[in-house]
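Q: My questions will all concern the structure given below.
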Amino acid sequence: MKPKGSEFMFLAWNEIRNNKLRFTLVIGVLVLISYLVFFLSGLANGLEQLNREAVDKWEADGIILTEESDLRLQQSILSKDDFDGSGVDEYTELSQLSAIASNGDKKENVYIFAVDPSSFIMPDVTEGNAFVDEGEVIADDTLKEDGFEIGDELSLSSTDETLEIVGFTDKARFNAAPVLFTDQDTLETLQYGEFAEEDSDAINAFIIRTDNLNNVEADKTLQVIDTETFIENLPGYTEQNLTLTLMIYFLFIISAVVLAIFLYVLTIQKISIFGVMKAQGISSGYLAGSVVAQTFLLSLAGVMIGLFLAVITGLFLPAAVPVAFNYIEMLIYGIILIVVSVIGALISVQTIVRIDPLKAIGG
Amino acid sequence: MAILELKKVQKTFGTGRTKVEAMKETDFEAEKGELIAVIGPSGSGKSTFLTIAGGLQTPTDGEVMINGTALADLKEKKRAALRLKEVGFVLQASNLIPYLNVGQQMQLLDKVKKGNLQKEEAKELYQSLGIDHLIRNFPKDLSGGEKQRVAIAKALYTNPSIILADEPTASLDSDRAFEVMNMLKEITKEKQTATIVVTHDTRLIDDCDKVYKITDGKMELQERVYDTL
Ligand SMILES: Nc1ncnc2c1ncn2[C@@H]1O[C@H](COP(=O)(O)OP(=O)(O)O)[C@@H](O)[C@H]1O
Ligand SMILES: [Mg+2]
């Protein structure tokens, strides 16, 4: 008779029920590990968004920068005429400037993006109005939490010119700083002051939408890259992600090892019980199945509690902590944690198979 | 046909100076409905005999047949399955699982094997063993005698054709020991099992159909002596 999953649960569950303290400890360790995994994944996500939100908002397929720019926006200086749109569905220009903006009260490192109001990279206004007159900006709404408001007069570190917040948009941070959106003329005035040319055509990049980046025909001095590559080359972005991802992967390994050790010790303690069962003729397969079922129950409980605690913590975190939970990713990580735990249990399975019922019953 | 048969079985442990002949060449047969006692001093080879008969260890030489199947021909997995189906072990040390209550000890057997006792039959068994009020108790809450009776119930629950009991009365006072022996006898007759009881207590063997004596691994059938005072 081949036992089914529910049959394995019988031994697994009854043992847990009757050794609450022991198994609470095991679950406790799993809770801590999974909590850390979920939290780190939230942090990785949050930091990722902090860097790329504004770019994701474009829903663009690629970006055109100069060959010399080393994929850095501010190092890429080109002219509006450098690209004629051949091979793309849609394209628009982007100019940017990074600065320290102050409303007299608070200072904040910001990016100023000059966008064409009629283009697809023009952000939706979630509060207030779009910029119309020179000097008006739409700001990322995280600035609101820092005390910036509509109507605030912003002075900048690099110029005497001032800006005025006329509206807010959401999800518009770039490379860990909020973005202010304005038009090309305003940006030029900020850059060159009274010497700004009328209708200068210096920009930093073209943002493009196309089905196939290979079809884009651009000058040899330019490079066409996909949005993801552009983001990955943001200063610090890849390093940060890699660090956190690595930590998460280590935690997977740690949870497998910790659980493996725990279960191994528990199995060693139960050798004589297993031996007695084997003497009676209960198969190693059934006993191994029970240990795996037990591991599944323990890791499921640990992961669920860890998930719950992580989400609760997320609710009470100050906005300044860049934690953003991606529930699908958490689900995947949760499943991975359960799977590696079960893999960790396989060491014990080995032990069970090798138990000699004769030794255990000590005739 | 004998349900259990040992042909020229022999078991040695170790080699050279440390060599122990735990079982010298032995032929043995047990029929259904037979209650057989195996007596002998400590270290004489009783447990070795019983574990070889039950397929828990393989003989150095010779053949063990259970219900016509030669154990040597079976892989470990098949041998375990045969044990589960045909053999009920009553072990000296408590063979109860600490985290299952008495009822669950039996339920576990239902998880791994079909054809165990029906509800009513099980109830009868518990009653005759005097453990029907202990079904929800865990092993730690049972006395030595109760544990031993539960162990017997567990061995019988799978409807085995062979019962192998290794000093089942060792942890019991003499009243209880007699009671357990009587119970084994009743079961043997009623369920037509071949029951082999290993013991070093010669007072318990009066009701047995056959008595074997082991000395230094040599097994000999005892002529019955009825003149016990
Ligand atoms: N696994 C083993 N390895 C070596 N010697 C053993 C082993 N098992 C039993 N023996 C030896 O075989 C002899 C018989 O042991 P056993 O069958 O346990 O005796 P009994 O049950 O009658 O007390 C003893 O001398 C014992 O030391
Ligand atoms: Mg013994």
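Q: So the check is Cβ under 6 Å with 6+ separation or different chains; which pairs have a first residue in the stretch B:48-73 that's under 17 Å from B:L84 (Cα atoms) and at the interface with another protein chain (Cβ under 10 Å from one of its Cβ atoms) and a second one that's away from ligand 1 (no atom under 12 Å from the Cβ) and assigned to a strand (DSSP E or B)?
A: The qualifying pairs are B:L50/B:L164; B:G54/B:V87; B:G54/B:L164.
Q: Additional query: For the stretch A:166-183, how many residues meet the condition of being open to solvent by less than 30 Å² (accessible area, probe 1.4 Å) and outside any loop (DSSP other than H, G, I, E, B)?
A: Residues flagged as open to solvent by less than 30 Å² (accessible area, probe 1.4 Å) and outside any loop (DSSP other than H, G, I, E, B) within the stretch A:166-183 amount to 11.
Q: Something else now. Which residues, counting only those in the stretch B:86-126, are facing another protein chain (nearest Cβ under 7 Å) and of a type in the set (D, E, K, R)?
A: Scanning the stretch B:86-126 gives B:K111, B:K113, B:K114.
Q: Under the condition of being open to solvent by 80 Å² or more (accessible area, probe 1.4 Å) and more than 16 Å from ligand 1 (Cβ to nearest atom), which residue from the stretch B:208-229 is modelled with the highest pLDDT?
A: Once the filter is applied, the top-ranked residue is B:L221.
Q: Here's something else I'd like to know. Against the conditions (1) within 14 Å of chain B (Cβ to nearest Cβ); (2) under 30 Å from A:E149 (Cα atoms), where does A:L234 fall short? Just the number, please.
A: (1)
Q: Kindly indicate whether B:H133 is more than 16 Å from ligand 2 (Cβ to nearest atom), on the phi < 0 side of the Ramachandran plot and open to solvent by 70 Å² or more (accessible area, probe 1.4 Å).
A: yes
Q: If A:E59 satisfies all but one of (1) under 30 Å from the mean Cα position of the chain (by Cα); (2) crowded, with 17+ Cβ neighbours inside 10 Å; (3) closer than 28 Å to A:G314 by Cα, what's the number of the condition it fails?
A: Every listed condition holds for A:E59 apart from (2).
Q: Picking from B:L82, B:L35, which residue would you name as being within 16 Å of B:I162 (Cβ to Cβ) and either within 14 Å of another protein chain (Cβ to nearest Cβ) or not hydrophobic (A, V, I, L, M, F, W, C) (or both)? Lay out the reasoning, then the answer.
A: Values: B:L35 fails: either within 14 Å of another protein chain (Cβ to nearest Cβ) or not hydrophobic (A, V, I, L, M, F, W, C) (or both).
The unique qualifying residue is B:L82.
Q: Need pairs with beta-carbon distance below 7 Å; first residue farther than 20 Å from A:D185 by Cβ and within the stretch A:71-100, second of a type in the set (K, R); sequence gap 6+ or separate chains.
A: A:V88/A:R209; A:D89/A:R209; A:E90/A:R209; A:I100/A:K107
Q: Among (1) open to solvent by 50 Å² or more (accessible area, probe 1.4 Å); (2) touching a Gly at 6+ places or on another chain (Cβ under 9 Å); (3) within 14 Å of another protein chain (Cβ to nearest Cβ); (4) among the aliphatic types (A, V, I, L, M), there is one condition A:I271 misses while meeting the rest; what is its number?
A: The one condition A:I271 does not meet is (2).
Q: Which of the strands (runs of 3 or more DSSP E) found entirely inside the stretch A:66-165 contain at least 2 residues meeting this: open to solvent by less than 30 Å² (accessible area, probe 1.4 Å) and under 24 Å from A:Y237 (Cβ atoms)?
A: A:90-102, A:107-115, A:136-140
Q: Now for a different question. Pairs needed: first member in the stretch B:189-204, among the β-branched types (V, I, T); second member anywhere, surrounded by fewer than 16 Cβ atoms within 10 Å (Cβ to Cβ); C-beta distance under 8 Å; at least 6 residues apart or different chains.
A: Listed by first residue and then by second, the contacts come to B:T193/B:G33; B:T199/B:A170.
Q: Every residue in the stretch A:1-26 that is buried (at least 21 other Cβ atoms within 10 Å of the Cβ) and more than 14 Å from chain B (Cβ to nearest Cβ), please.
A: A:V26
Q: For B:I196, which of the numbered conditions (1) over 22 Å from B:I3 (Cβ atoms); (2) open to solvent by less than 20 Å² (accessible area, probe 1.4 Å) fails to hold?
A: Only one criterion is unmet by B:I196, namely (1).
Q: Determine whether the stretch A:307-314 contains at least one residue that is touching a residue at least 40 places away in the same chain (Cβ under 8 Å) and open to solvent by less than 30 Å² (accessible area, probe 1.4 Å).
A: There is at least one residue in the stretch A:307-314 that is touching a residue at least 40 places away in the same chain (Cβ under 8 Å) and open to solvent by less than 30 Å² (accessible area, probe 1.4 Å).
Q: Now, a different point. For the subset of the stretch A:305-363 comprising residues that are outside any helix (DSSP H, G or I) and within 14 Å of chain B (Cβ to nearest Cβ), which member is nearest to ligand 2 (Cβ to nearest atom)? I'd like the intermediate steps shown before the answer.
A: Residues of the stretch A:305-363 that are outside any helix (DSSP H, G or I), as a first pass: A:317-326, A:355-356, A:362-363.
Subsequent filtering for residues that are within 14 Å of chain B (Cβ to nearest Cβ) retains A:355-356, A:362-363.
Values: A:I355: 20, A:D356: 16, A:G362: 9, A:G363: 5 Å.
Restricting to residues being outside any helix (DSSP H, G or I) and within 14 Å of chain B (Cβ to nearest Cβ), the top hit is A:G363.
Q: Name the single residue, out of those in the stretch A:352-363 being surrounded by 19 or more Cβ atoms within 10 Å (Cβ to Cβ) and of a type in the set (V, I, T), that is modelled with the lowest pLDDT.
A: Among those residues, the one meeting the criterion is A:I361.
Q: Consider only pairs whose beta carbons are under 7 Å apart and that are at least six residues apart or on different chains; among these, list those whose first residue lies in the stretch A:208-231 and is hydroxyl-bearing (S, T, Y) and whose second residue is open to solvent by 60 Å² or more (accessible area, probe 1.4 Å).
A: Correct list of pairs: A:T210/A:D61; A:T210/A:D89; A:T221/A:E67; A:T227/A:D61.
Q: Continuing with this model, one more query. Would you mind telling me which numbered condition in (1) more than 8 Å from ligand 1 (Cβ to nearest atom); (2) under 12 Å from B:P59 (Cβ atoms) B:F13 fails?
A: Every listed condition holds for B:F13 apart from (1).
The values are calculated or read from the model by the stated rules, or taken from the named source; none is laboratory data. All values derive from a computational prediction rather than experimental measurement. Reconstructed Cβ throughout: ideal geometry from the backbone, glycine too, with neighbour counts over all protein chains shown. These area figures cover heavy atoms from the full protein model, side chains too; ligands, DNA and RNA do not enter into them. Shrake-Rupley method; radii C 1.70, N 1.55, O 1.52, S 1.80 Å.
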